[in-house]
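Colleague: Input: one structure, supplied below.
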Amino acid sequence: MNEITIFYADDDEDDILLFTDAVASISQKFHQPIQLHIHKNGENLLVNLKELNPKNGVVFLDLNMPKKSGLQFLKDIRDEVTTQQFPVVIYSTSSSKLDIELSLNLGANHYAVKPYNFNDLIKMIYNVATINWADHYVNENNFLLQK
C-alpha cells in the first residue's frame, strides 16, 4: 500500500496525543507508512494542504476549535480550487444531528464521533485512511462513521 498522508486539526492536546499514538500504532501494526501533519487550531492547514497536495491523503477536522471551527475550515477547503476534492472527515465529540447534517451539506466526506476506546480509534483511522477515495461515494447512509 502507498504512503498515506493525514492532516489533523484539533485544539485539544490530549486528543492530539491520542490521535498521534493511534496513527503510530497503525503504522507499526500494519507496516503502513503514514505521514501525520498536526495543525493545532487548524493553523496553516490550508497552506500545508496546497503545498503538499498528496495523492493519498485525508483531513481530520475537529468540529469545535476556538479560533475557527472545523466547518469553517471545511468551507475554506471546498472553496479553494486546488483542495476542493480533498477528502475531509469532521471529527468531533458531538453526535448532534444538526452538526452531522451541516457537515454533509458543506461537503465533508464523513463525520466521525471521537471514540473513547483507543482500539476503536485505531480502527476508525485505519478504515478512513484506507478508503479508495476515487471510487468512494458519500450519501446519507454511509456518511456517519460508526465504531
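The values are calculated or read from the model by the stated rules, or taken from the named source; none is laboratory data. Please read these numbers as outputs of a predicted model, since none were measured by experiment. Note that each Cβ is placed from the backbone with ideal geometry, even for glycine, and that neighbours are counted across all protein chains shown.
Colleague: Scan the strands (runs of 3 or more DSSP E) fully inside the range 46-120 and keep the ones with 2 or more residues being under 20 Å from Glu140 (Cβ atoms) and out of contact with any Gly (no Cβ under 9 Å at 6 or more places or on another chain).
Modeller: It comes to 110-113.
Colleague: I would also like to ask the following. Considering only residues of the range 2-18 that are in contact with a Leu (Cβ under 8 Å, 6 or more places away or on another chain), outside any helix (DSSP H, G or I) and among the hydrophobic types (A, V, I, L, M, F, W, C), which is surrounded by the fewest Cβ atoms within 10 Å (Cβ to Cβ)?
Modeller: Only one residue fits best here, namely Ile6.
Colleague: Can you tell me which residues in the range 19-58 are touching a residue at least 40 places away in the same chain (Cβ under 8 Å), out of contact with any strand residue (DSSP E or B) (no Cβ under 9 Å at 6 or more places or on another chain) and buried (at least 16 other Cβ atoms within 10 Å of the Cβ)?
Modeller: Ala22, Ser25
Colleague: Find the residue count for the range 118-145, including only residues that are closer than 16 Å to Ile100 by Cβ, of a type in the set (S, T, N, Q) and either loosely packed, with under 10 Cβ neighbours inside 10 Å or under 12 Å from the mean Cα position of the chain (by Cα) (or both).
Modeller: Selection size over the range 118-145: 2.
Colleague: Moving on to the next point. Within the range 38-90, how many residues turn out to be at pLDDT 90 or above, under 17 Å from Asp11 (Cβ atoms) and in contact with a Pro (Cβ under 8 Å, 6 or more places away or on another chain)?
Modeller: The qualifying residues number 1.
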